[in-house]
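Contents: one structure, followed by commentary.
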Amino acid sequence: MADPQSKEDELAGTEQPFVQHLIELRDRLVKSMVAMAIMTALLALYPGPGALYDLLAAPLVAHLPKGATLIATSVISPFMVPLKIMLMAAFLLALPVILHQAWAFVAPGLYANEKKLVLPLVISSTFLFFVGVAFLLFCFWPGLLLHPGLCAQKHHRCA
């Protein structure tokens, strides 16, 4: 029976000093932030933060009672909410680059059998994440708003 210690480690000789890891991590983070900045700039130009806000608010506005509108609850909300939506959308669009940079940093330290598991995991988790976002936007919020007990006034129905 072969001794497991006698097998040669496939990662032997690939070690780096701690400072080299920090430099590589910094470079990967900078590349991720550049991708995020590019996506933010593109979304700021087209379609713009206001259009993204309108797109995300449309299912909510469609289920409001007649004559009701969305209101801002703080002085800076009309500026910050569209900006936050634009930054989150930019993050979602830059996510492939960010995940690739994370993978490029982690992959050299993984064994071959561990690397085989990453692609199905990343694809399935990304798909399920977007399915969850779509469910929240198109099923959960409209369904919640159809519940008559959640209306602001008793004589209005949200439907």
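Values in this text are rule-based calculations from the coordinates and carry no lab data. It should be emphasised that the depicted structure is a prediction, and the values quoted were computed from it without experimental measurement. Note: ideal-geometry Cβ built from the backbone for every residue, glycine included; neighbour counts use all protein chains shown.
Sort out for me the Cα centre separation of region 72-116 from region 23-48, rounded to whole Å.
Region 72-116 and region 23-48 have Cα centres separated by 9 Å.
Can you give me the angle between helix 18-45 and the longest principal axis of the chain, using Cα atoms only, in degrees from 0 to 90, rounded to the nearest 10?
Result, in degrees: 30.
Quick one: which of 14-23, 43-52 comes out on top by average Cβ neighbours within 10 Å, and what's the full order, highest first?
Highest mean packing first, the order is 43-52, 14-23.
Listing LEU95, LEU55 from the residue with the fewest other Cβ atoms within 10 Å to the one with the most, what is the order? Spell out each step's value before the answer.
Numbers: LEU95 17, LEU55 13.
Going from sparsest to densest Cβ surroundings: LEU55, LEU95.
How do the peptides 138-144, 100-106 rank, highest first, by the average count of neighbouring beta carbon atoms within 10 Å per residue?
100-106, 138-144
As a footprinting exposure proxy, order ILE85, ILE123 by other Cβ within 10 Å, with the fewest listed first.
The fewest-first ordering by Cβ neighbours comes to ILE123, ILE85.
Fewest Cβ neighbours within 10 Å first, please rank MET80, MET86, MET36 accordingly.
Taking fewest neighbouring Cβ atoms as first place, the list is MET80, MET36, MET86.
Could you name the aspartates and glutamates in cross-link range of LYS115, using Cα to Cα under 17 Å and dropping any fewer than eight places away on the same chain?
ASP9, GLU10
Do you know the relative contact order of the chain, to the nearest whole percent, from alpha carbon pairs under 8 angstrom that are 6+ apart?
RCO, the chain: 33 percent.
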